[in-house]
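Notes for the one structure printed next.
The values are calculated or read from the model by the stated rules, or taken from the named source; none is laboratory data. Since this is a predicted model, take the numbers as computed values, not measurements. Every residue, glycine as well, gets a Cβ built from its backbone with ideal geometry; the counts of neighbours run over all protein chains shown. To get the accessible areas, we keep the full protein, side chains included, count just its heavy atoms, and leave off ligands, DNA and RNA. Shrake-Rupley method; radii C 1.70, N 1.55, O 1.52, S 1.80 Å.
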Amino acid sequence: MTMTAEAKPAIPAMRTLMHLFAGGLAGLLIWEVWARVLTKAVLGYPLEPAGLIDAIAQHRFGLSVPYLVREALHYGVGIVGYPVAYFVISRLIPRWPVVLDAIVFVTFSAGVAALIAAGKFAPIHFIFWTAAVGLIATRWINRDALIADAITWGNFTWFNALGLMAPVGGLSFYLLGEGGELSYMSFVGHVIYGAIAVWLFERLEARGPGR
């Protein structure tokens, strides 16, 4: 279900905003379970988006952001920021899923290639790259366009967090320099979050007013 500017308006109505926020909230709640419970059970420590916000503030501005403010920013991005960004991108950029898939594939492949060049490549990185690229490739066999697009958006939220924001905060590209385990758990969590947010939003929108 690839939407274009011709198919849908670029400025969401209040009903559409509510659907966007509902999708973001649902995705974020499941993300929290993955990040704070399941990831901690696997790695021994949780995923902490608030920590990334603090790293950016410290690295770029030398500021220490209070924990509650960082948590509020995290929830604001998950419930409002990413959903609104999805709406704008999906309604204004032609063939947006192909564009976003290409961005994730090229940038993550470049990050893995840099590890190889630096002699730091490990089997886990190959497994990770295969999993990420394999997920992108499922678009070509996925008969449900909405699910395919939802997965694409989930991949892109991971790129935004670890491919863009992590380096801004002085961390390694996609957190590959930190071993890869945390990045992989973040990858799965972001895919789950983004896919649920988009799937629920589009299903709510498709029901139409009063249904």
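Tally the residues that are open to solvent by less than 30 Å² (accessible area, probe 1.4 Å), in contact with a helix residue (DSSP H, G or I) (Cβ under 7 Å, 6 or more places away or on another chain) and among the charged types (D, E, K, R), restricting the search to region 69-118. Residues in region 69-118 being open to solvent by less than 30 Å² (accessible area, probe 1.4 Å), in contact with a helix residue (DSSP H, G or I) (Cβ under 7 Å, 6 or more places away or on another chain) and among the charged types (D, E, K, R): 2 in total.
Determine, yes or no, whether residue 200 is under 17 Å from the mean Cα position of the chain (by Cα), open to solvent by 30 Å² or more (accessible area, probe 1.4 Å) and farther than 30 Å from residue 54 by Cα.
yes
Residue by residue through region 132-166, note down the ones that are closer than 18 Å to residue 102 by Cβ, among the aliphatic types (A, V, I, L, M), open to solvent by 20 Å² or more (accessible area, probe 1.4 Å) and in contact (Cβ under 8 Å) with a residue 40 or more places away in the chain. Matches in region 132-166: 135, 145, 151.
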